[in-house]
Structures are given as structure tokens and as C-alpha cells.
Amino acid sequence: MIKDINLEIVDDFIKENSDENNEFIIDDDKKAEWALRKIAGEREEAQRYINVCKSMILEYEEKIRKEEEKLIKKTSFLEAKLQQYFQSVKYKSTKTQKTYKLPSGVLRLKYQQPEFKRDEDKLVNWLKENKLLDFIKVKETPNWVELKKNIKISGNRAVSEDGQIIEGVEVVEKPPVFEIET
């Protein structure tokens, strides 16, 4: 109801301030001020809606977390008992796992790969000391910050100070951005 009244007021304002082609025109400070207030109101309403949605997301995430905790509490005892049972049966062994099939599922013990905690700097130094350079990656990248200081723009090309076209750089002009602060 209130939204319908607001839309009617907006429609009336636009009709009163339109030209002969029925196009709304902002041609004075009063109309510009009205437009700014309208934009601020729309942003405020959108932010309210977004905040409600974010609040609901937080609530649902909390419900999910609680349900996951409940599931763990309800199943961990039985999972532990199945693991004990698994140790007592004749399971099938492969290189990567042990399995025992049942009609409703499979009990599986997987062998995991070890985790390697690496100190990259120490490792690189060790590889250099032992002349194992094949195991060191070297990645060359342009020093863009310094290069950019020495670039001139010619159309959509980047040109060095001595006039050479710099390959691998395309200049993409961007139009100015109009912003409205409310």
C-alpha cells in the first residue's frame, strides 16, 4: 500500500517534470536534489533488504553447524564400533586401502600420503648447495611497476621512451566513471 503510494508520487513527479517527448529531464537543482534523495532512498531500501538476507544466511549457517554437530554426536559411537569390528574381520587389502563390503555399505581403511611441511627458503638453499638445480623453478616476470613509469601511450599501444612498441602490452582505455554520493 505505502509502496504503491510512493510509486504514484514518483510517477506524478516525473510526469510534471517531463518534456513534450515524455522524457524526464533534470534541468535544475531542485530536480537534481529530488533525484539524489530518490537514489539514497533506493540504496537504503536495498541495503536493508541485503542486511536481512545476510542475517538469514548467518542464522542458516548456525543451523547447519548445529545439525552437523548433532550428526557427529549421533554417529561417532557407531563409527568407532564399526572400526573395532573392521579389525576383527577378514578384509580385502590393496596397495592403498583395506575394504570390507556389507550389503548397506563398505568399511574402508585408506592409507594416506604423508604431509610434507616445507620451508621453501631452506629447501631452495639446500638444493643449490647440493647442485640439484633441476628441482628449482625459476619464474621470470616483468617488473611492471618500474616499466610502467617509462611507458608512453600511443593509441592502444604501449611505447618505450625511445619510441619502440612494447610487445605484450595492449592499452585498453577506460571511460571516466560517474559516481553519485548520497
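The values are calculated or read from the model by the stated rules, or taken from the named source; none is laboratory data. The structure displayed is predicted, hence computed values, not measured ones. Cβ placement follows ideal geometry from the backbone for every residue including glycine, while neighbour counts extend to all protein chains displayed.
In a loop (DSSP other than H, G, I, E, B) and either modelled with pLDDT of 95 or more or more than 30 Å from ILE136 (Cα to Cα) (or both): is that true of ILE26 in this structure?
The answer is yes for ILE26.
Go through the stretch 160-182 and report how many residues are assigned to a loop (DSSP other than H, G, I, E, B), farther than 30 Å from ALA40 by Cα and among the acidic types (Asp, Glu).
Total meeting the criteria: 3.
Return only the number of the condition from (1) more than 30 Å from LYS98 (Cα to Cα); (2) touching a Phe, Trp or Tyr at 6+ places or on another chain (Cβ under 8 Å); (3) hydrophobic (A, V, I, L, M, F, W, C) that LEU109 does not satisfy.
LEU109 satisfies every listed condition except (1).
In the set LYS38, LYS131, LYS54, LYS66, which member is farther than 27 Å from THR182 by Cβ and within 39 Å of the chain's Cα centre (by Cα)?
Selected residue: LYS66, the only one of LYS38, LYS131, LYS54, LYS66 that is farther than 27 Å from THR182 by Cβ and within 39 Å of the chain's Cα centre (by Cα).
Is it true that some residue in the stretch 67-76 is in contact with a strand residue (DSSP E or B) (Cβ under 7 Å, 6 or more places away or on another chain), at pLDDT 95 or above and not assigned by TED's automatic domain parsing to the domain that holds ASP162?
No, the stretch 67-76 has no match at all.
Any idea which residue in the stretch 134-155 is nearest to the chain's Cα centre (by Cα), counting only those that are of a type outside the set (A, V, I, L, M), surrounded by 10 or more Cβ atoms within 10 Å (Cβ to Cβ) and part of a loop (DSSP other than H, G, I, E, B)?
PRO142
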